[in-house]
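Accompanying notes for the structure given below.
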Amino acid sequence: MNGYRGAPRFVPMAVAVMLLGPLLLSQSCGGGGGGGSGHVTPVMHFTCGGAVAASPDQISLSCPATSGSPMLVTVIIGGATTSTDIYGIKFDLVFSPTVMTFQAPAIEGTFLNQGGAATSIIAAPAPGDPGRVVVSITRTGAVSGTQAAAPQATVITLGFAATGLTGATFLTFENAEAVDDSTPTPTPIVSIGFTSSPLTVSFQ
């Protein structure tokens with residue numbers, strides 16, 4: 001027999017160089033004498049600005065200065081709040097759907113579920129209006145409202161994905177209010193305001 005079955009076959013060095021030489025040369029030279037002709041596609045990203053610092057009794061928007069897609073926008077409430085009886089918060093976020101779209105699910109913050117209270121969350125595009133997200137987050141059951149005691153607390157975090165088109169948009173509150181736990185109808189809390197300063201978001 002000419003050796004064990006399955007024994008490795010050794011390729012002579014000269015043959016190996018002949019086989020691998022063109023490949024090694026191509027890799028070391030970038031595929032051509034000009035140092036490489038491949039085109040690198042630039043990475044597109046969100047930029048976001050206009051966020052205001054948290055202040056007592058004010059609900060505002062926060063965003064990263066730059067982000068990939070999706071971009072997370074955080075709704076924060078500044079404390080200490082005058083009201084100690086905040087039971088629910090609702091608002092619309094309005095933006096240009098040509099630049100970005102809402103990406104579910106929303107992420108609950110640590111504000112309204114304080115004390116282990118159960119909460120109910122709604123966050124979805126308005127029917128027929130892809131540039132509007134309707135948001136509602138409320139405590140549930142026979143529990144009292146709560147208070148923001150720290151300098152700021154997170155109400156909810158919302159994700160927005162890029163459509164892939166370059167452009168800019170504002171992200172603003174509409175139809176916004178905080179309510180107490182009055183029954184049978186919750187009463188708006190006039191001491192809680194929503195910032196009128198929009199976020200400025202661009203994708204490029």
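Just so it is clear, none of the values below were taken in a lab; they were calculated from the coordinates. Because the structure is predicted, anything quoted here is derived from the model rather than measured. Methodologically, a virtual Cβ is constructed for each residue, glycine included, from the backbone with ideal geometry; neighbour enumeration extends over all protein chains shown.
Summary table below
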quantity: Label-to-label distance, nm, for residues given as V52 and S144 (7 Å Cα→Cβ offset); calculated: 3.0 nm
quantity: When the convex hull of its Cα atoms is projected in every direction, mean area for segment 30-187 (nm²); calculated: 12.6 nm²
quantity: Ordering of 126-132, 112-118 by packing [mean C-beta count within 10 Å, highest first]; calculated: 112-118, 126-132
quantity: Where N is the number of residues in segment 151-198, Cα Rg divided by 2.2 N^0.38 Å; calculated: 1.63
